[in-house]
Amino acid sequence: MNARSIALTVNGRPVNGTADVRTTLADFLRHSLRLTGTHLGCEHGVCGACTVLVDGASVRSCLMLAVQAEGAHVRTIEGLAGPDGELHPLQTAFRDKHGLQCGFCTPGMLMTLVEFLEENPDPAEAEIRDAISGNICRCTGYESIVAAALQAAAEIRERRR
Amino acid sequence: MKPPPFDYVRPESLETLLSTLARLENAKILAGGQSLMPMLNLRYVFPDVLVDINRVPGLAGIRLEGDRLRIGAMTRQRAIETDPLAAAHFPILPEALRLVGHRQTRNRGTIGGSLCHLDPAAELPTVALLADATVEIAREGGTRTLSAAEFILGYMTTALGQDEVLTAVSFPLWHRPHGYSFQEFARRHGDFAIASAACLLALGPDGRIERVAIAIGGVGPVPQRMPAAEAALAGTRGEPEAVARALGFCDALDAIGDFHGSADYRRSVARSVLRKALGDARDRAAAAPTGPAQ
Amino acid sequence: MRAVGRSVPRIEDPALLVGKGRYVDDIALPGTLHAAFVRSASAHARIAAIDTAAAAGMPGVHAVLTAADLRPVLRSLRLPLGASPTSSENSSTPFVLNGHEAAYVGEPIALVVADTRYEAEDAAGAVFVDYEPLPVVADARRAVEAGTPAVRTELASNLLNRMMVAFGDVDEAFAKATHVVADELWQHRGCGHPLEGRGVLAETRPDGGLCVWSSTQMPHDLFHTLAGMLGLDENCLRVVTPDVGGGFGPKYCIYPEELAVPAAALLLGRNVKWIEDRRENFLSAVQERDQYWSLEVATDGDGRILGMRGRLIHDQGAYAPKAVNLPYNSASAVTGPYVVPAFAVEVLIAHTNKVPVSSVRGAGYPQAAFAMERMIDLVAARLGIDRVAVRARNLIPPEKMPYTKPLKARSGAGIVYDSGDYPACQAEALAAAGWHDFPRRQAEALAQGRHLGIGIANAVKGTGRGPFESGVVRVAPSGRVSVFTGATAMGQGLATALAQICADELGVRPEEVGVIAGDTAFAQFGLGGFASRQLVTAGSSVHIAAKAVAAKAIRAASTMLDLPEAELELAGGEVRGRGGSNRGISLAEIATRLRGAPGYAFPAEIEPGLEASIQWKTDALAYANACHVAEVEVDIETGHVGVSHYIALHDSGRLINPMIVDGQIKGGIAHGIGNALYELMGYDEEGQPLTTTFADYLLVTAPELPRFETLYRETPSPINPLGAKGVGEAGTIPAAAAIISAVEDALRPFGVRISQTPVTPEFLFNLISKARAKQRAEREMPA
């Protein structure tokens, strides 16, 4: 064990933890911080289930060491809804459009789309498909996810007006 | 699929980094980690130490230096993809980057990491070779500069020594405007290419091809320039016969086969993507406003 | 407003959308140790020695366990035959750990238990296994040839089973045929790949028993297997299926790891968790793989099918965790929605040195549909008749429903298609797809050098397999309505559908109903999740149980309010007088009353508890049907296939929640497109797997897919009280056949025939290149 203490901000709250230097950020979030909403689907950087935002950018948390997140702002699925529990437009849209079935890819999908829609709140369907090309879903055939992203984008645009 | 045990150091200055590299054995440099981390998780590699260079200042950034675009090795791929300088002066780079992995990997992955990993199908080494880029390398007590051709030694093998680190890549700019195209065929969006073709092309005032560079990725153990094809096109107007002659040289490409494509198939796909790249680059060159060479 | 038939939002979603799902790896128990398996690196080898000494001394390691170490807590080292009436082992069931002869790469040999998964993997890598190589058989066709070495030395033959699936007089059919077409087909299905792999957490209990959480489709089968194998008192054992991150078939098996991990927990007296990683999933979760078909079809001059005959070689992999139902499914389903008067297919089930085979979404049906639909396209091509006309001539007409295929289902009951109008479905799908206009579009594109193609495939799927499923509906004194069932939810939305069914009978809203599926502490009996069965079987039980609870509530209220039952109604969670004149009495009050109080009088002629338990039984299957039409474009320079348009018409009986149904169908289509174009589990001749990452084994992603246009007809099934038919697999079954039909159509200028899936770009490129070379040679031949 080659442990380091790590201080970072997770979902807006300062967090201190200890991890072996080889611990991935995903395992640190899941097992040390008990934020189990971030899922591991492949652990080799292809499926996208473990996607979280690090300093605002979507990353695969299986491909980052926890120790590398020292000082960073990490946002996970647990931090997506508002502090009062109000769902993010994407969460609402995923429910409305049946954008999830088993729910395992969902946190990664949502975090990927959060970043994407912040940059591009008026995307074409093809752009959404491109944006989620690094996230595998075995359940939905993606169509309902695309529909949910379109609905959320419209809601986000509405709120910005 | 958890990484094996290793020690971890995170130098916070170039000097510390270089002295660290000088004293360590069996160390791996951790840049963006988008290739190294999967290899660790799969336990394909067992380094004693990871040297994390993410907090070494001065290694990231994009700037114009005379007639070159210089990009720090730790510049994230996504940053280059969206950089206005790159778009204005070297647009093939963002075009190629849009085909690199996925948004989440480009947010972490770096240009230097991709060059040092040197996957045969990776887009960035192909562009570096295409553009006669030079790489800047540092070690304790010195630096050196290599051309891309000198840097690329063989299958996933670079000229970088154990005690060295890639610090920047510098692309000589073509006179503006020029035609360019990066085309590839991959099984799915974001996959490594079966074959890719990169092309830079400039037309003279008479509409003839004044200068052309072609590089092919994904086919052989390393990216390949196609000097014979370039020569076949130079001075022509890119007539069908000239293009056909150039494409014919795809049959002579060094090719290796694997589960995703045989050597012959990769050559055939190279021909297809090169045809598209040549057409695209020529059209862009023709459409570009004419101006003095830069 | 009634909930059934409406796309009500899922009750599963609120937790899943905020990261509060509870999958097996999310469950943290204090003091849990973590397991990693040592797996065979060889496809076939005698294990001469296993040296665990170095591993045992590594940091964090609590134990390195081999088969010999587990033996004291196991009744046998060999698993019983899964999902079978007898639950006995045989010479093809897998081992919990194999210490003597490995038969596929990935077979579990030893188990490391350590403080962390990281340390467990370190130690697993340090276990030294001495392999003495034995001959490897990687091809099922070779496996059944005389003289081929045994896949396992304990076997006398690699042929696990040989059966004849036949009806009618085939010889006569072929004797009087005008045309006979023949082909050799290969279909490769690949893997299930739920995003969540398998996983087991075994908690040791103070009474010496266990609570086991497993990401399985079969909690009750696992419960009985554990009780038997570990010799545990059933009263000291509980098996729980938590949230499951997708099933898709592979979690229908009971696995060695599901025995080894609880056995290790018992041995060590500690909680032990094992979470399958993706590489392990590639190496050890069942795959449903290759079938090789040789088929002949006899027709009259108009393309009417007179008979079919042939042979099917089914690659069973190294072991058979379950009975050989799957190839029987294929052979008995091949005639699909068509009238075939005579049929004879010999089925050979062959062991190979590869990952064991059991169901993946569709379970033998996609191969059957592929074989049949490809043969019909061949008939059409040979006879010069339009593909859809040949189909229309052979589809079972609606007036023949219910239609009996002269074959037996697993239960022994006849195969009876209960309902549906197949010709009307085909006609509607074709109209929606613009089929008859396609030749014009195709010709226009071809003039520009683009190769478009259109394809069609029909399918039927028997759904709702019995013999029963449990459904308990209970109203607690708090008023909380709960449904308990042994049917397993793997992410499809079963809880919502059952809540809708229950809610309608009790006059509450679906979100007021809680559903617990797949927990042996709550449902004593259950069969699990497979064969598109849960909604049909558990739904029927819940429907009947909820009706019974409603009736009981009214009966009790009648006593409590002293009003005749006929004057009472149940609505909005309370029983009140019709017309609303009387004070209502809530379900909570009734449940409180029916809870009883010590010594006080209890309503006469009413059993305690506001609940009902129903085990709805069935031997029959509800047959769903579908017609898919796919449009593709093939790039002849690379062999790339783009799917440009996809129409799917499904008749899945009465739809309980159309939104959920549509999600199942579309996900199924994506899976089928993957099977047609992307998913290929590669092995070399030495049985070494070549695709063990998601970078090599390609799952379809969003940009590769078009929007799917889905259409529904609702022919109620007469064999269950809901009128429902299952939908979990129906979308997958015809998809690969439709895609390949379209690809072949696109390549019509080259005259190629495609008899396999998947087709990779390189495969198509080579096919095209060969055809063009032949065409050139023919052109250059002197006249």
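Coordinate-derived values only; no laboratory data. Because the structure is a prediction, the values reported are computed rather than measured. Here the Cβ positions follow ideal geometry from the backbone for every residue, glycine too, while neighbour counts run over all protein chains shown.
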* To do: Report, please, the projected area of the protein assembly as shown averaged over directions, based on the convex hull of its C-alpha atoms, in nm².
  => 52.6
* Of B:Ser268, A:Ser32, how do they rank once you tally other Cβ atoms within 10 Å and put the fewest first? -> A:Ser32, B:Ser268
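For segment C:523-649, what does the relative contact order come out to in percent, with C-alpha contacts under 8 Å and a separation of six or more?
20
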* Asked: With respect to the cross-link table entries C:Lys405/C:Lys461; B:Lys2/C:Lys251; C:Lys322/C:Lys408; C:Lys547/C:Lys617; C:Lys400/C:Lys725; B:Lys28/C:Lys273, which display a Cα-Cα separation exceeding 21 Å?
  -> B:Lys2/C:Lys251; B:Lys28/C:Lys273
* Asked: Once the Cα atoms of helix A:143-160 and of chain A are each reduced to a long axis, what angle between those two axes, in degrees from 0 to 90 to the nearest 10, is obtained?
  -> 90
* To do: Taking only the C-alpha atoms, wrap a convex hull around segment B:62-171 and report its volume per residue in Å³ as a whole number.
  => 92
* To do: Would you mind calculating the relative contact order of chain C from Cα pairs under 8 angstrom and at least 6 residues apart, reporting the percent as a whole number?
  => 15
* Full-stretch length increase - C:Asn90, C:Glu346 - with 0.36 nm per residue and alpha-carbon distance subtracted -> 89.8 nm
* To do: Give the share of C-alpha pairs in each 5 angstrom bin for chain B, from 0 to the last occupied bin, in whole percents, shortest bins first.
  => 1, 6, 12, 16, 18, 16, 13, 9, 5, 3, 1, 0, 0
* Candidate aspartates and glutamates - alpha carbon under 17 Å from C:Lys176, same-chain residues fewer than 8 apart omitted -> C:Glu296, C:Asp300, C:Asp302
* To do: Evaluate the charge dipole of chain C about its Cα centre and quote only its size in Debye, nearest 20, assuming +1 on the Cβ of each Lys and Arg and -1 on the Cβ of each Asp and Glu.
  => 1220
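Quick one: in segment B:179-287, what % of C-alpha pairs are over 21 Å apart? All intermediate terms of the calculation are to be shown ahead of the outcome.
Numbers: 1745 of 5886 pairs.
Looking at segment B:179-287, the distances longer than 21 Å represent 30 percent of pairs.
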* So how far, in whole Å, is the C-alpha centre of segment B:129-162 from the one of segment C:441-477? -> 54
* In what sequence do C:Lys176, C:Lys273 fall when counting other Cβ within 10 Å, fewest first? -> C:Lys176, C:Lys273
* Structure fact -> Mean shadow area (nm²) of the C-alpha convex hull around segment B:7-52 is 3.1
* **trypsin sites (Lys or Arg not before Pro) within segment C:578-673, DSSP loop, no more than 13 other Cβ atoms inside 10 Å** => C:Arg578, C:Arg583
* Please state the relative contact order of chain B as a whole percent: Cα pairs under 8 Å, 6+ residues apart? -> 16
* **By average C-beta atoms within 10 angstrom, highest first, the peptides C:465-478, C:230-243** => C:465-478, C:230-243
* **Signed unit charges on C-beta, dipole axis of chain C, positive-most listed residue C:Val129, C:Ala487, C:Ala63** => C:Ala487
* Asked: When the distances between all Cα atoms of segment C:513-605 are binned every 10 Å from zero, what whole-number percent does each bin get?
  -> 14, 36, 27, 18, 4
* Which of the listed residues, C:Phe174, C:Val634, B:Val219, is farthest toward the dipole's positive end in the protein assembly as shown, when Lys, Arg count +1 and Asp, Glu count -1 at the beta-carbon? -> C:Phe174
* How big is the C-alpha Rg of segment C:457-568 next to the rule-of-thumb value 2.2 N^0.38 Å, as a ratio? -> 1.19
* Based on the mean of other beta carbon atoms within 10 Å per residue, what is the order of C:154-165, B:245-256, A:72-83, most packed first? -> A:72-83, B:245-256, C:154-165
* Per principal axis, descending, Cα span of segment A:89-160 in whole Å -> 33, 22, 17
* Rotationally averaged projected area of segment A:3-79 (alpha carbon convex hull; nm²) -> 4.2
* Structure fact -> Debye calc, one equal point scatterer per Cα of chain C, no solvent, log10 I(q)/I(0) at q = 0.09, 0.10 1/Å comes to -0.88, -1.05
* Towards the positive end of the charge dipole of the protein assembly as shown, with charges on Cβ (+1 Lys, Arg; -1 Asp, Glu), say which of C:Pro782, C:Ala431, C:Ser644 has the farthest Cα. => C:Ala431
* In debye, nearest 20: dipole of segment C:468-617 around its Cα centre with unit charges on the Cβ of K, R (+) and D, E (-)? -> 120
* To do: Give me a single rounded figure for A:93-100: the average over its residues of other chain Cβ atoms within 10 Å of their Cβ.
  => 5
* To do: Starting with the highest mean, order B:190-196, C:20-26, C:191-197 by the number of other Cβ atoms within 10 Å, averaged over the residues of each peptide.
  => C:191-197, B:190-196, C:20-26
* To do: Return one number: the angle in degrees, 0 to 90 and rounded to the nearest 10, between the long axis of the Cα atoms of helix B:263-287 and the longest principal axis of the Cα atoms of chain B.
  => 70
* Asked: In deg cm²/dmol, rounded to 500, what helix-only [θ] at 222 nm does the protein assembly as shown give when every DSSP H run of at least 4 residues adds -39500 (n - 2.57) and the total is split over its residues?
  -> -9000 deg cm²/dmol
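Treat every Asp and Glu Cβ in chain B as -1 and every Lys and Arg Cβ as +1, leave all other atoms uncharged, and give the resulting dipole magnitude about the Cα centre to the nearest 20 debye.
700
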* Asked: Per-residue mean of other chain beta-carbon atoms within 10 angstrom of the beta-carbon, peptide A:22-28?
  -> 4
* Taking C:Lys774 as the anchor, which aspartates and glutamates have their alpha carbon closer than 20 Å to its alpha carbon, excluding any fewer than eight residues away along the same chain? -> B:Asp264, C:Asp635, C:Glu637, C:Glu744, C:Asp745, C:Glu762
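Ranking C:Met58, B:Met1 by Cβ neighbours within 10 Å, fewest first, what do you get?
Lowest count first: C:Met58, B:Met1.
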* Structure fact -> For chain C, the helices passing both cut-offs (Cα extent along own axis of 30 Å or more, Kyte-Doolittle mean at least -0.5, full DSSP H runs) are C:534-561
* Could you tell me how many degrees, from 0 to 90 and to the nearest 10, lie between the Cα long axis of helix B:14-23 and the main elongation axis, the longest principal axis, of the Cα atoms of chain B? => 70
* Computed label-point distance, nm, for sites C:Arg772 and C:Phe602 using a 7 Å Cα→Cβ extension -> 8.3
* Which whole number gives the average, over all residues in C:484-494, of C-beta atoms from other chains lying within 10 Å of the residue C-beta? -> 2
